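Taken together, the values in this text are just the output of simple stated rules run on the coordinates, not laboratory data. Just so it is clear, the model here is predicted, and its values are computed rather than measured. Counting neighbours? That spans all protein chains shown, and the Cβs are built from the backbone with ideal geometry, glycine included.
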Amino acid sequence: MTARPDTVTTGATGAVVAAGVAAGVAAVAVAGVVAGAVALAVSRAASALPPRVRARWERTNHAGSTVTLLEGPAWAAGAGVAALAVGAPAPAA
């Protein structure tokens, strides 16, 4: 088995491991942190809205606690930022 120049062969079985795996994992980790920060920022901005505006988006759950429907869009914004940060996968060779 011949390894491509952009890969390394490791282990007794000769498994081929992509050289950029560590960089990919780091990129995903950074994207996760950025996504969490964006979601938290949007969620905090939503909670800072005037009570009159916020009341329209608040509900009472089965336990009697007030919950907001604005958390969904906040987390969606974070997920969107993460997707943009990671980028599209490389085309298959």
* Report ³J(HN,Hα) in whole Hz for each residue of the range 34-43, in order, from the Karplus equation J = 6.51 cos²θ - 1.76 cosθ + 1.60 where θ = phi - 60°; Gly and Pro get x. => 5, 4, x, 5, 5, 4, 5, 5, 5, 5
* **the range 53-91: trypsin sites (Lys or Arg not before Pro) in DSSP loop, at most 15 other beta carbons within 10 Å** => ARG56
